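Notes for the one structure printed next.
Any read-out appearing in this document is the output of simple, stated calculations on the displayed coordinates, not a laboratory observation. Being a predicted model, the structure only gives us computed values, none of them experimental. Here the Cβ positions follow ideal geometry from the backbone for every residue, glycine too, while neighbour counts run over all protein chains shown.
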Amino acid sequence: MVPVNQGAPAFSFITNETDDGAVFLTFWLSFKYGYSLGSMSTPVSWSADWTEHTSFQQRIVNRDESPWTFSMSIDDGSNVYTSNSLTLAGVSGDEITPNVTEGILSFDFSTLELETIDLANISSVSLNISGILPVNNYDRVAEYEVAFEVGDLNPVPLPASLLLFSSALALLILRKNNNKTV
């Protein structure tokens with residue numbers, strides 16, 4: 001276990017790793033009552049150049065029975081930028097509900113408040129998890145799934161999609177013209 005100390009002692013460890021590269025982590029907060037915050041971050045030696053990208057997004061699925069609050073932070077070596085918080089309700093069984101037990105945290109680098117990020121020198125990315133402990137009178141373990149994407153919020157359509165869209169538009173125009181002549 002790797003201890004993390006951000007507001008409350010916490011531990012994180014890998015519980016599963018799939019063939020396609022997905023890593024499942026268990027995050028455990030200490031036996032403390034009241035508000036607790038823990039975070040997991042990229043390794044100290046990690047860095048990235050995101051100058052070619054316009055956004056960073058993390059999709060989070062709360063797989064725990066209890067609600068937890070998530071946010072993310074990006075450090076460019078000079079400043080730390082933190083996203084809005086996202087509170088996700090607990091699951092019932094294995095039922096995942098968009099915008100209830102699943103949500104997306106994102107940074108749009110083209111917005112005014114994020115224009116100052118030094119995208120060439122991203123030094124760390126952190127996922128922050130918080131809750132009022134114990135959650136539901138006993139729970140201290142957050143179970144969640146995280147996927148991330150660095151990219152363009154408005155990607156250019158691929159040639160195949162553009163062709164499909166163009167043919168649908170052409171058929172619509174042809175049909176409209178045929179209806180006028182009848």
In nm, to one decimal, how far is the modelled label at ASN79 from the one at ASP118, with both set 7 Å along Cα→Cβ?
-> 1.2
Using packing as a proxy for protection, rank 49-55, 59-65, 104-110 so that the peptide with the highest average count of other Cβ atoms within 10 Å comes first.
-> 59-65, 104-110, 49-55
Surrounding net charge for SER123, when Lys and Arg each add one and Asp and Glu each subtract one, Cβ distance under 13 Å | -4
Highest first, please rank the peptides 69-82, 117-130 by the mean number of other Cβ atoms sitting within 10 Å of their residues.
-> 117-130, 69-82
